[in-house]
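Below: the structure, in structure tokens.
The values are calculated or read from the model by the stated rules, or taken from the named source; none is laboratory data. Note that the coordinates shown come from a computational prediction; the quantities given were computed from them, not determined experimentally. Neighbour counts are summed over all protein chains in view; Cβ atoms, including those assigned to glycine, are modelled from backbone coordinates with ideal geometry.
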Amino acid sequence: MKWTQDMKKLIAGNWKMNMNTESAKAFDQAMAKVDEKIVEWLICPPYPYIQHITNTKRGAQDCSAYYSGAFTGEVSASMLADIQCDYCIVGHSERRAEAHCETSDIVRQKAQLVIDNGMTAIVCVGETLEEREEGKAFDIVEGQLLKSIPNDTRPDNCVIAYEPVWAIGTGKAATSCDVSNMHNYIREILKSNVADGEEMRILYGGSVKPDNAAELLNIDNVDGALIGGASLKAEDFIAIGKAVES
Ligand code: 13P
């Protein structure tokens, strides 16, 4: 991908552990006619359904931190590149959390492998409710960000997704003010630490729906959205992307 100044907003769906062959194919068909002039569309299905995505960019939700070998159950970044994935999410809070305990060091190793295999890493960061209530949200996000992005990160091989854990799947998106403050903060960190950091896309994720999309997507430094629940219905997902035009 060649980086251009007018990089479109990225509307990315994270299906998590949902959908099946039939619904994945039907979703892909519904995406056949979407307008790609203003929005870059991306779907990240569970591994078995990735290749059913033919009408938008395709991505994975995770990859192994290892190159190849005896890692039962893992899927490598090179395998994802082999099936023409454009993007791979790394460090989602559901993987940083207790069930998988991924540290920022592991997230950085994964992001590096994604980049080394010619794909774009979507590096997720975000604080828990407890951390926010303790006034630590900015420190937590800064720490995760600086430890999770590889040294050779650039706007054309990495996207940041700010997903406050308390807004994920709760139906309660962060307020415009909270989103704006955090995205501006992340922008400053990127400007100081990443080549061309002012151009790296920063997505917001957490209860993005058709009815709040226009407000969230029009905030400065919000360069797209990472969508969970509302990405399971093509109609809702497309409505979110269309909100970019409004
Ligand atoms: P929801 O849109 O369901 O809140 O999920 C957000 C998310 O985790 C996307 O990665």
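Among the conditions (1) within 17 Å of the chain's Cα centre (by Cα); (2) away from the ligand (no atom under 15 Å from the Cβ); (3) crowded, with 16+ Cβ neighbours inside 10 Å; (4) not basic (Lys, Arg), the only one that ALA167 does not satisfy is (2). Of the residues making up the range 124-142, those that are in contact (Cβ under 8 Å) with a residue 12 or more places away in the chain and either of a type in the set (Lys, Arg) or loosely packed, with under 14 Cβ neighbours inside 10 Å (or both) are LEU129, ARG132. Here ASP156 clears all of (1) more than 16 Å from the ligand (Cβ to nearest atom); (2) of a type outside the set (Phe, Trp, Tyr); (3) out of contact with any Phe, Trp or Tyr (no Cβ under 7 Å at 6 or more places or on another chain); (4) within 23 Å of ASN14 (Cα to Cα) except the condition numbered (3). Within this structure, ALA230 fails the test of being aliphatic (A, V, I, L, M), surrounded by 21 or more Cβ atoms within 10 Å (Cβ to Cβ) and in contact with a Phe, Trp or Tyr (Cβ under 8 Å, 6 or more places away or on another chain). Scanning the range 70-100 for residues that are surrounded by fewer than 21 Cβ atoms within 10 Å (Cβ to Cβ) and among the hydrophobic types (A, V, I, L, M, F, W, C) turns up ALA70, PHE71, VAL75, MET79, ALA81, ILE83, ALA97, ALA99. The helices (runs of 4 or more DSSP H) falling completely within the range 150-246 that include 2 or more residues that are touching a strand residue (DSSP E or B) at 6+ places or on another chain (Cβ under 9 Å), within 22 Å of LYS136 (Cβ to Cβ) and not small (Gly, Ala, Ser) map to 176-193. Give the residues of the range 122-139 that are farther than 11 Å from SER93 by Cβ and either at pLDDT below 95 or not in a strand (DSSP E or B) (or both), sorted by residue number. LEU129, GLU130, GLU131, ARG132, GLU133, GLU134, GLY135, LYS136, ALA137, PHE138, ASP139, listed by residue number.
Residue count for the range 231-246, restricted to those that are in contact with a helix residue (DSSP H, G or I) (Cβ under 8 Å, 6 or more places away or on another chain), within 13 Å of the ligand (Cβ to nearest atom) and without any contact (Cβ under 8 Å) to a residue 40 or more places away in the chain: 1. Would you mind stating whether ILE160 is touching a residue at least 40 places away in the same chain (Cβ under 8 Å) and hydrophobic (A, V, I, L, M, F, W, C)? Yes. Here ARG96 clears all of (1) in contact with a strand residue (DSSP E or B) (Cβ under 9 Å, 6 or more places away or on another chain); (2) modelled with pLDDT of 95 or more except the condition numbered (2).
Considering the range 1-103, the qualifying helices (runs of 4 or more DSSP H), each wholly inside and each with 1 or more residues that are touching a Gly at 6+ places or on another chain (Cβ under 7 Å), run over 77-82, 93-96. The C-beta contact set for the range 204-220 (first residue farther than 17 Å from LYS16 by Cβ, second residue away from the ligand (no atom under 12 Å from the Cβ) and basic (Lys, Arg), distance under 7 angstrom, 6+ apart or interchain) comprises LEU217/LYS9. The set of residues from the range 190-202 being closer than 16 Å to VAL222 by Cβ and among the β-branched types (Val, Ile, Thr) comprises just one member, ILE202. Applying the set (1) among the hydrophobic types (A, V, I, L, M, F, W, C); (2) more than 16 Å from the ligand (Cβ to nearest atom); (3) modelled with pLDDT under 95 to ALA173 leaves exactly one unmet item: (2).
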